[in-house]
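Enquirer: Below: one structure in structure tokens.
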Amino acid sequence: AGHATAVVGARPQMGVGLARRASASARLRGGLALALRALAGAEDEPALAPPQLEAAFASALELHARFSACDCPHLGPPLREALQVLGDAFRLYGPSGVLGSFNGGKDAVVILHLMRAALAHYQHTTTPADRRVKPHLIYFHDPREFDEVEAFVAQTVAETDAQLFVYEGGIVEGLRTHIEMQQAASGGAHCTFAFVLGTRQGDPNSKGQTAFAPSSSWMPPFMRVNPILEWDYGLVWRLLMEFELPYCNLYDHGYTSLGTRDDTLPNPALQSQSGAGYSPAHMLCDFSLERAGRVSKPKPPKPAADGAPARPQPAPGPEPRRTIENARTAGLVVIGDELLKAKVLDTNTAYAIKEMRRRSLDVRRVSIVRDKLDDIAREVRVQSQALDLVVTSGGVGPTHDDVTLRAVAQALGRSISFNKEMAAQIREAYGGAPLSAEQEKMAMLPEGARLRMPPGAASKWPIVQVENVFVLPGVPAFFEAKLDLILEHFVAGGLPPVHTRKLVLSVVEGEIVRALNEVVALFPALQLGSYPVNETDFKTVVTIEGEDEVQVEAALKALAAEMRPGTVVRRPSKNLEHMLN
């Protein structure tokens with residue numbers, strides 16, 4: 001551990017050396033307890049801790065240079081702004097007057113490395129080497145802590161050569177004890193310090209906070225410092241991944257927000273379709289689900305029938321993803337620069353929506369993206385996590401811009417490799433000839449991909465399925481044929497049939513708002529849509545959809561009854577059956 005310093009405080013006891021204070025670690029479990037005992041070999045008071053090791057200082061200074069030079073348009077500006085906030089904190093409160101919250105979570109990791117970088121930069125020109133102060137961190141220990149978190153905290157403190165203050169109990173009690181200990185060490189002088197937190201936008205306690213915000217009146221006196229207040233979940237992970245900063249290994253097993261063992265579960269949004277495991281935290285796309293694995297209202301767990309402790313229940317999260325056979329929700333990712341440049345007309349979207357709805361699939365999302373690997377992967381990941389069935393269109397040929405299979409692999413956290421079964425299918429389709437380099441590229445598939453071939457299918461080309469994603473070609477004739485096979489053989493369609501009615505009106509949309517709102521309120525289970533048109537004999541078309549045909553008919557009659565005589569057009573001049581598909 002080098003010169004890393006750990007101080008365990010149970011109550012203000014100045015004049016007691018580190019070795020005696022570390023006896024409080026008997027109540028700590030796991031790696032942190034071991035590390036604290038290992039560090040408790042000197043009688044130094046916190047104020048007498050040795051200066052930071054030169055290697056740790058040089059590493060932190062180099063990290064500041066890397067942070068400052070970050071050219072990512074999304075990460076660079078907020079990163080430099082965070083460094084500026086922390087630079088101001090060190091300038092105003094001094095290196096020993098800035099205390100960072102370090103509980104081992106992802107936000108705390110970001111705070112730690114921002115702090116050590118900003119502190120090294122500040123001390124580089126202001127402090128002699130033999131007087132440089134270590135980063136000061138505080139850890140409020142909870143006996144229900146994950147072993148993995150404790151081990152990570154201990155390891156990180158040692159590797160960064162930080163000074164860690166550990167207190168039992170909550171944040172208020174711990175901070176009050178810390179202030180009393182520091183005041184006693186300084187002969188009773190008033191102690192003012194800045195407390196650096198990982199508070200981010202949307203956190204329960206973030207409302208009304210700014211980069212510098214005084215503590216609440218019921219808390220000990222200190223200045224809150226919030227360098228990442230405007231960051232979101234994605235930006236936190238972008239920093240950790242971009243700079244390869246170590247984090248607790250629980251995040252690689254589906255945990256996205258860490259509390260304690262009693263109130264934290266893996267995030268259900270990251271569970272694999274088979275239910276056998278979870279994707280890592282950085283793959284979560286819907287940031288609003290960050291806390292979906294946290295128990296919303298902790299209660300004393302009731303023992304299970306066998307006497308074992310009951311597992312906590314997670315907070316309401318995303319609806320569990322169904323199997324392909326029982327899919328009820330669907331999405332479409334359409335790929336191609338030519339579509340976004342209007343060089344080619346997209347007919348696949350309309351065909352897919354029509355056929356999916358005909359088979360009682362609820363189409364929730366359709367996206368058209370560029371031939372860019374990261375763009376495709378991001379959209380596939382979003383849809384795959386949120387929906388039961390995802391179909392991609394385009395980008396599966398042999399040319400340089402055909403990157404869909406690689407993107408699907410990236411989206412689902414899989415490697416890509418040569419698939420012998422696919423290669424054999426390609427050879428058979430081309431009369432048994434050896435594969436060309438271009439054909440070999442088409443045989444590179446995500447690990448674990450399934451090749452689906454419906455019985456009696458005329459085409460020799462299999463359909464590639466990876467988890468809940470089907471990868472289809474973009475040529476309309478091929479796309480339609482393969483989609484028909486998927487919907488006919490692999491998807492049962494779990495929703496009841498939807499009944500639809502329409503009302504064609506001779507008045508403009510604005511004249512029916514009141515009546516339409518009243519019918520919507522009377523029939524909340526139905527979907528009513530109003531569409532303005534510009535025809536000679538009619539100006540508005542209203543559609544009414546729902547699973548209950550009786551309610552659909554009742555809503556139609558209720559709306560028609562609110563219309564003035566002659567408003568409803570019985571025989572419109574144009575056929576509008578397409579509005580019911």
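The values are calculated or read from the model by the stated rules, or taken from the named source; none is laboratory data. What you see is a predicted model; the values in this text were computed from it and never measured. Don't worry about glycine lacking a Cβ; one is built from the backbone with ideal geometry, like all the others, and counts go over all protein chains shown. All accessible areas refer to the heavy atoms of the entire protein, side chains included, with ligands and DNA or RNA removed. Shrake-Rupley method; radii C 1.70, N 1.55, O 1.52, S 1.80 Å.
Enquirer: Would region 216-237 turn up any residue that is touching a Ser or Thr at 6+ places or on another chain (Cβ under 7 Å) and among the β-branched types (V, I, T)? Spell out how you get there, then give the answer.
Expert: Quick first cut of region 216-237, residues touching a Ser or Thr at 6+ places or on another chain (Cβ under 7 Å) only: 221-222, 224, 226, 229.
Next cut, among the β-branched types (V, I, T) only: none.
Checked against the condition, which is being touching a Ser or Thr at 6+ places or on another chain (Cβ under 7 Å) and among the β-branched types (V, I, T), region 216-237 yields no hits at all.
Enquirer: Can you report the number of residues in region 79-108 which are within 16 Å of T210 (Cα to Cα) and either at pLDDT below 95 or charged (D, E, K, R) (or both)?
Expert: Residues in region 79-108 being within 16 Å of T210 (Cα to Cα) and either at pLDDT below 95 or charged (D, E, K, R) (or both): 2 in total.
Enquirer: Something else now. Return the only residue of A292, A281 being of a type in the set (G, A, S), within 30 Å of D71 (Cα to Cα) and at pLDDT 85 or above. Show your work before the answer.
Expert: Details: A292 fails: within 30 Å of D71 (Cα to Cα).
That would be A281, the only listed residue that is of a type in the set (G, A, S), within 30 Å of D71 (Cα to Cα) and at pLDDT 85 or above.
Enquirer: From (1) within 18 Å of F102 (Cβ to Cβ); (2) over 16 Å from the mean Cα position of the chain (by Cα); (3) not basic (K, R), pick out the condition that doesn't hold for S257.
Expert: It is condition (2) that S257 fails.
Enquirer: Right, here's the next one. Which of the residues that make up region 423-442 are surrounded by 14 or more Cβ atoms within 10 Å (Cβ to Cβ) and either closer than 16 Å to D401 by Cα or not small (G, A, S) (or both)?
Expert: Q425, I426, R427, L435, Q439, E440, K441, M442
Enquirer: Would you check which residues across region 475-510 are touching a residue at least 12 places away in the same chain (Cβ under 8 Å), under 30 Å from T536 (Cα atoms) and not hydroxyl-bearing (S, T, Y) and list them?
Expert: Answer for region 475-510, where residues must be touching a residue at least 12 places away in the same chain (Cβ under 8 Å), under 30 Å from T536 (Cα atoms) and not hydroxyl-bearing (S, T, Y): H499, R501, K502, L503, V504, L505, V507, V508, E509.
Enquirer: Select the helices (runs of 4 or more DSSP H) contained entirely in region 75-194, then report the ones holding at least 2 residues which are out of contact with any strand residue (DSSP E or B) (no Cβ under 8 Å at 6 or more places or on another chain), touching a residue at least 60 places away in the same chain (Cβ under 8 Å) and farther than 20 Å from W237 by Cα. Give the derivation first.
Expert: Details: elements: 76-93, 106-126, 147-160, 171-185.
Filter on region 75-194 gives 106-126, 147-160, 171-185.
Enquirer: Is there a residue being in contact with a helix residue (DSSP H, G or I) (Cβ under 6 Å, 6 or more places away or on another chain), open to solvent by 40 Å² or more (accessible area, probe 1.4 Å), at negative phi and among the acidic types (D, E) anywhere in region 138-147?
Expert: yes
Enquirer: Right, another one. Answer yes or no as to whether R358 is modelled with pLDDT of 90 or more and open to solvent by 60 Å² or more (accessible area, probe 1.4 Å). Break it down stepwise before answering.
Expert: Details: modelled with pLDDT of 90 or more: no; open to solvent by 60 Å² or more (accessible area, probe 1.4 Å): yes.
Criteria not met by R358.
Enquirer: Would you check if there is a residue in region 397-406 being at pLDDT 90 or above, open to solvent by 30 Å² or more (accessible area, probe 1.4 Å) and not in a loop (DSSP other than H, G, I, E, B)?
Expert: Among the residues of region 397-406, at least one is at pLDDT 90 or above, open to solvent by 30 Å² or more (accessible area, probe 1.4 Å) and not in a loop (DSSP other than H, G, I, E, B), which makes the answer yes.
Enquirer: Search region 364-374 for residues being open to solvent by less than 40 Å² (accessible area, probe 1.4 Å) and at pLDDT below 95, and hand back the single one that is nearest to G394 (Cα to Cα). Don't jump to the end; show me each part of the working.
Expert: The first filter runs over region 364-374 and keeps only residues open to solvent by less than 40 Å² (accessible area, probe 1.4 Å), leaving 367, 369, 371, 373.
With the extra rule that they be at pLDDT below 95, the set shrinks to 371, 373.
Details: D371: 9, L373: 13 Å.
The residue in question is D371.
Enquirer: Another question, then. Looking at region 205-213, is at least one residue open to solvent by 70 Å² or more (accessible area, probe 1.4 Å) and more than 30 Å from L75 (Cβ to Cβ)? Break it down into steps so the answer makes sense when it comes.
Expert: Within region 205-213, the subset open to solvent by 70 Å² or more (accessible area, probe 1.4 Å) is 205, 207-208, 210.
Of the ones still in play, those that are also more than 30 Å from L75 (Cβ to Cβ) are none.
No: region 205-213 contains no residue that is open to solvent by 70 Å² or more (accessible area, probe 1.4 Å) and more than 30 Å from L75 (Cβ to Cβ).
Enquirer: Something else: Looking at region 166-178, which of its residues are surrounded by 19 or more Cβ atoms within 10 Å (Cβ to Cβ) and either of a type in the set (D, E, K, R) or over 18 Å from T260 (Cβ atoms) (or both)? Quick ask: steps written out before the conclusion?
Expert: Filtering region 166-178 down to residues surrounded by 19 or more Cβ atoms within 10 Å (Cβ to Cβ) leaves 166-168, 174-175, 177-178.
Correct list: E168, L175, T177, H178.
Enquirer: Pull up region 45-64, narrow it to residues that are in a helix (DSSP H, G or I) and open to solvent by 30 Å² or more (accessible area, probe 1.4 Å), then point me to the one that is modelled with the lowest pLDDT.
Expert: Of all residues in region 45-64, those in a helix (DSSP H, G or I) come to 46-48, 54-64.
Now drop any that are not open to solvent by 30 Å² or more (accessible area, probe 1.4 Å), which leaves 47-48, 54-55, 58-59, 61-62.
Details: A47: 43, L48: 50, E54: 88, A55: 91, A58: 94, S59: 95, L61: 96, E62: 96.
Ranking the qualifying residues of region 45-64, first place goes to A47.
Enquirer: A further question follows. Checking the structure you have, find out if any residue of region 389-396 is part of a loop (DSSP other than H, G, I, E, B), surrounded by fewer than 24 Cβ atoms within 10 Å (Cβ to Cβ) and touching a residue at least 24 places away in the same chain (Cβ under 8 Å). Explain how you work it out, then say what you get.
Expert: As a first pass, look at region 389-396 and keep what is part of a loop (DSSP other than H, G, I, E, B): 394-396.
Restricting the remaining residues to those that are surrounded by fewer than 24 Cβ atoms within 10 Å (Cβ to Cβ) gives 396.
This time we only want the ones that are touching a residue at least 24 places away in the same chain (Cβ under 8 Å), so: 396.
Yes, because at least one residue in region 389-396 is part of a loop (DSSP other than H, G, I, E, B), surrounded by fewer than 24 Cβ atoms within 10 Å (Cβ to Cβ) and touching a residue at least 24 places away in the same chain (Cβ under 8 Å).
Enquirer: Follow-up question, since we're still on this one. For region 349-364, give me each residue that is assigned to a strand (DSSP E or B) and in contact with a helix residue (DSSP H, G or I) (Cβ under 6 Å, 6 or more places away or on another chain). Spell out how you get there, then give the answer.
Expert: Here is the first cut: in region 349-364, the residues assigned to a strand (DSSP E or B) are 362-364.
Residue satisfying the conditions is V363 alone.
Enquirer: Could you look through region 407-422, keep only residues that are touching a helix residue (DSSP H, G or I) at 6+ places or on another chain (Cβ under 7 Å) and in a loop (DSSP other than H, G, I, E, B), and pick out the one that is surrounded by the fewest Cβ atoms within 10 Å (Cβ to Cβ)?
Expert: S415
Enquirer: Would you confirm whether any residue within region 444-464 is over 30 Å from V552 (Cα atoms), open to solvent by less than 30 Å² (accessible area, probe 1.4 Å) and touching a Gly at 6+ places or on another chain (Cβ under 8 Å)?
Expert: Within region 444-464, none of the residues are over 30 Å from V552 (Cα atoms), open to solvent by less than 30 Å² (accessible area, probe 1.4 Å) and touching a Gly at 6+ places or on another chain (Cβ under 8 Å).
Enquirer: Please go through region 365-388 and give me each residue that is assigned to a loop (DSSP other than H, G, I, E, B) and over 20 Å from the mean Cα position of the chain (by Cα), ordered by number. Full working, then the answer.
Expert: Step one: filter region 365-388 for residues assigned to a loop (DSSP other than H, G, I, E, B), giving 370-372, 387-388.
Across region 365-388, the qualifying residues are R370, D371, K372.
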